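The values are calculated or read from the model by the stated rules, or taken from the named source; none is laboratory data. Being a predicted model, the structure only gives us computed values, none of them experimental. Quick reminder, even Gly has a Cβ in these numbers, built from the backbone with ideal geometry, and neighbours come from all protein chains shown. Surface accessibility is based on the protein's heavy atoms, side chains included, excluding ligands, DNA and RNA. Shrake-Rupley method; radii C 1.70, N 1.55, O 1.52, S 1.80 Å.
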Amino acid sequence: PNLFVVGDSKQAIYRFAGASHASFQQLQKVLEGMVVNDLVTNYRSGQHVLDHAHELIVQSDDHADAPALGAHFDDHVGTVEYREFSHHKMELLWLAQHIKQQVNDGHTPEEMAVSYRRNKDAEDIQHIFSALKIPYQDLSKKNILEDYHKIRNNNLKDGISSVKFKLINKKKYTNKIN
């Protein structure tokens with residue numbers, strides 16, 4: 001019989017659902033002769049982000065030989081910073097304070113967006129943004145596939161619903177949760 005399996009051994013963030021590098025290796029042992037087709041093109045990020053992510057991934061013993069990905073889109077070069085926090089709430093506090101400083105320095109809120117790892121993080125983000133009076137719009141219920149044509153055409157500004165929070169100009173809106 002034929003068996004078709006899709007997975008990514010680097011997606012350990014889905015450990016709560018049973019994903020792990022070890023389970024991927026176990027599957028390869030059970031299905032002797034399994035054909036693995038590595039996908040080498042990323043449709044989410046620019047090359048500079050992929051390169052930085054790859055630098056981190058290959059530091060893991062499980063992924064030291066992981067192939068690098070290439071970006072489908074033209075690169076939008078920016079700054080990638082690495083930060084470590086003692087607790088995820090400290091990370092959120094830094095994020096909110098950094099955003100508030102960026103807005104105070106004259107950056108346009110509509111050009112900013114926040115994406116987060118787990119849906120349960122939304123409540124903490126909403127709480128800290130509200131406490132610091134940072135206006136936002138929650139886009140977490142949007143379906144990225146509905147905006148595929150915008151993303152495919154590399155118009156990421158219009159495809160902003162691919163992120164979960166979008167900052168808004170407080171002169172135009174108040175906090176709004178869809």
Point to revise | Efficiency of FRET between His87 and Leu132 - r from beta-carbon atoms, R0 25 angstrom, step 0.05 | key: 0.90
Exercise for review: Report ³J(HN,Hα) in whole Hz for each residue of the range 94-103, in order, from the Karplus equation J = 6.51 cos²θ - 1.76 cosθ + 1.60 where θ = phi - 60°; Gly and Pro get x.
Suggested key: 4, 4, 5, 5, 5, 4, 4, 5, 4, 5
Review point. Suppose R0 equals 22 Å; then what is the FRET efficiency for Val77 and Leu39 from their Cβ-Cβ distance, rounded to the nearest 0.05?
Key: 0.40
Exercise for review: Please turn the phi angles of the range 59-67 into ³J(HN,Hα) values with the Karplus equation 6.51 cos²θ - 1.76 cosθ + 1.60 (θ = phi - 60°), one per residue in order, whole Hz, x for glycine and proline.
Suggested key: 6, 7, 4, 5, 10, 4, 9, 4, x
**Study point:** Residue-normalised accessible area of the range 1-134, given per residue in Å² at a 1.4 Å probe
**Key:** 77 Å²
Revision key, fill the gap. If amide H atoms are modeled at 1.01 Å from N in the peptide plane, then the residues at a separation of 5 or more from Tyr116, or on another chain, having amide H under 5 Å from its own are Lys164
Review point. What is the distance, in nm, between label points placed 7 Å from the Cα along the Cα-to-Cβ direction at Leu27 and at Gln102?
Key: 3.5 nm
Exercise for review: Measure off, as a whole percent, the carbon and sulfur share of the 1.4 Å-probe accessible area of the range 33-75, all protein chains present.
Suggested key: 49 percent
Review point. For the pair His48 and Val5, how long in nm is the line joining their label points, each one 7 Å along Cα→Cβ?
Key: 3.8 nm
Revision key, fill the gap. Expected vector for the range 43-53, Karplus 3J(HN,Hα) from phi with 6.51, -1.76, 1.60 and θ = phi - 60°, integer Hz, x for Gly and Pro, equals 9, 10, 10, x, 4, 5, 5, 4, 5, 5, 4
